[in-house]
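See structure below.
The values are calculated or read from the model by the stated rules, or taken from the named source; none is laboratory data. None of these values were measured; they are calculated from a predicted model. All accessible areas refer to the heavy atoms of the entire protein, side chains included, with ligands and DNA or RNA removed. Shrake-Rupley method; radii C 1.70, N 1.55, O 1.52, S 1.80 Å.
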Amino acid sequence: LEGIGWKWQSVDGCMIKAPLARESGDITQPTVEKMGTKRSILTDEKGLPLSVVLSGANTHDINLLEETLDSIIISRPAVSENHPQNLCLDAGYTGSTQSVEKRQYTAHIRPRGEERKEIERNPDFKARRWVVEVTHSFFNRFRKLLVRFEKKAQNYLALIHFACSIIVWRKLLQVHR
């Protein structure tokens with residue numbers, strides 16, 4: 001109803017504990033390093049989730065980037081000079097600009113703490129990557145999603161999609177008040 005902010009998008013990953021997800025063939029195979037699930041989210045400039053991908057917690061963010069960008073649930077508008085699409089990433093995605101440019105995004109990879117310094121210098125500066133952090137926070141407010149107790153990845157992904165629809169619904173209600 002309000003439109004999707006395609007000009008600035010953000011991607012980030014978040015780890016979730018998964019004590020019961022030990023099924024063979026599941027995405028959360030226990031390793032020596034980490035056990036759990038990683039949730040990678042693509043959001044628009046307003047914080048609306050556009051894509052969600054699950055993987056094992058030991059998967060690096062760069063390895064989930066292409067799948068996250070390719071699994072957008074809505075068709076993206078064409079990129080042009082008048083309507084560019086920027087992708088904000090944190091320092092964990094350094095070296096992934098080739099896959100981002102292949103999808104016609106302009107990559108903006110910020111080193112840790114740089115946005116905070118920019119805000120201190122320029123009060124009119126708008127931090128664009130933080131919207132994905134806020135969206136992860138919205139997901140963590142759903143107690144059922146905070147720790148994954150579902151044994152099957154499909155069941156947990158269905159709960160995440162349901163949470164996405166609730167987040168979008170709440171944002172629409174905010175706008176129309």
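Worth a mention:
- Accessible area ranking (1.4 Å probe, heavy atoms, ligands and nucleic acids excluded), largest first, for 169, 6: 169, 6.
- Other-chain or far-sequence residues with amide H under 5 Å of residue 86's (modelled H): 8, 9, 106
- Backbone phi angles across the range 79-87, fed through the Karplus curve with coefficients 6.51, -1.76 and 1.60 (θ = phi - 60°), yield HN-Hα couplings of 8, 9, 5, 6, 10, x, 10, 9, 10 Hz in residue order; Gly and Pro are listed as x.
- Largest to smallest in accessible area, the residues 159, 54, 42 fall in the order 159, 54, 42 (1.4 Å probe, all protein chains included).
- Residue 138 sits with roughly 50 Å² accessible to a 1.4 Å probe, with DNA, RNA and ligands left out of the calculation.
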